[in-house]
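Here the structure is laid out as structure tokens; the discussion comes afterwards.
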Amino acid sequence: MGLIRGKSVQSGYTRIVGPEQPDLNYIEFGLLALGDGQRWEHTFEGVESVLVILGGRCDIEANGRGWANVGDRDDVFGGKATAAYCPPSATCRVVGRGQVTVAVCCAQADGEREPILISPDSVRVREVGQDTFQRSVHDIAAPCTVEAQRLIVGETYNRPGRWSSYPPHKHDIHNPPEESELEEVYYFRVSPAQGFGVQRVYGDGSDDTYAVCDGDVVTIAEGYHPVGAAPGYELYYLWILAGEHRIMHPCDDPQHSWVLAQR
């Protein structure tokens, strides 16, 4: 596991993590910040990408397909996301329509696919868990909704004082249907921004716990990884998963799975 402390978002694209990290083999993640009329163009050689609009509006074009003035929220706490899937080797252009911030989520991939716009109406919202570990999960690019080779992308919202990724689960062994092997990146936001959450990652003799703050990033290669929000603060994280097989089979920690039977 690796913790990267959040920094102020710079104009243009800021690469935050990639396969050079010891925890990652497939994923690259960065933030794109544009002003009104500012343009960014990039060819995604050997990777597929999901561009998630975190706040603001923009024009997006990929391989000749374009969508103008898209984005339906001011920030991540303002509703469901708008996103675009860009296939491997696609040339992508983004133009700001006012101030806009975009999460650029990538994974090594090949093959031919079509670029698509993922509208807020296409984002599947699920209420997961119960009691103090109930949370809202937004599936943006899931295997059942978006065709891709490796990427799975979504957002989780922890209400103040509540937990997510709970009971603690992991996905570091390829043993379907009990478990699938996927590396993961979390990008955190907190409201109000001075708040914090807790990220624990443990298993096989390792045990790390961090206070995560607004803008922090965590990489997860293995182990159980529950998340808690401090009382008074809503905690959001964008999650990016990738692996050799694009299947989701999380495995709960048997020491804590008994909470699912409690009401």
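The values are calculated or read from the model by the stated rules, or taken from the named source; none is laboratory data. It should be emphasised that the depicted structure is a prediction, and the values quoted were computed from it without experimental measurement. Reconstructed Cβ throughout: ideal geometry from the backbone, glycine too, with neighbour counts over all protein chains shown.
Numbers at a glance
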{"quantity": "Within the stretch 206-220, considering residues that are of a type in the set (Gly, Ala, Ser) and modelled with pLDDT of 95 or more, the one nearest to residue 163 (Cα to Cα)", "calculated": "211"}
{"quantity": "Only one of 110, 131, 121 that is on the phi > 0 side of the Ramachandran plot, surrounded by fewer than 20 Cβ atoms within 10 Å (Cβ to Cβ) and not hydrophobic (A, V, I, L, M, F, W, C)", "calculated": "131"}
{"quantity": "Single match in 28, 41 (criterion: surrounded by fewer than 19 Cβ atoms within 10 Å (Cβ to Cβ), part of a strand (DSSP E or B), in contact with a Ser or Thr (Cβ under 9 Å, 6 or more places away or on another chain) and not aliphatic (A, V, I, L, M))", "calculated": "41"}
{"quantity": "Residue list for the stretch 207-222, filter: aliphatic (A, V, I, L, M) and surrounded by 19 or more Cβ atoms within 10 Å (Cβ to Cβ)", "calculated": "212, 217, 218, 220"}
{"quantity": "Residue tally, condition over 13 Å from the mean Cα position of the chain (by Cα) and within 14 Å of residue 23 (Cα to Cα), over the stretch 210-224", "calculated": "3"}
{"quantity": "One residue from 192, 160 being within 19 Å of residue 134 (Cα to Cα) and modelled with pLDDT of 95 or more", "calculated": "160"}
{"quantity": "The stretch 9-20 residues that are at negative phi, paired with ones that are among the acidic types (Asp, Glu) (beta carbon under 9 Å, 6 or more apart)", "calculated": "15/28; 16/28; 17/23; 17/28; 18/28; 19/28"}
{"quantity": "Candidate set: the stretch 223-263, residues that are in a helix (DSSP H, G or I) and exposed (fewer than 13 other Cβ atoms within 10 Å of the Cβ); chosen: the one modelled with the highest pLDDT", "calculated": "258"}
{"quantity": "For residue 102: the one exception among (1) at pLDDT below 95; (2) surrounded by 19 or more Cβ atoms within 10 Å (Cβ to Cβ)", "calculated": "(1)"}
{"quantity": "Every residue from the stretch 57-114 that is under 27 Å from residue 136 (Cα atoms) and hydroxyl-bearing (Ser, Thr, Tyr)", "calculated": "82, 85, 101"}
{"quantity": "Selected residue (criterion: modelled with the lowest pLDDT) from residues of the stretch 85-95 that are surrounded by 23 or more Cβ atoms within 10 Å (Cβ to Cβ) and more than 18 Å from the chain's Cα centre (by Cα)", "calculated": "90"}
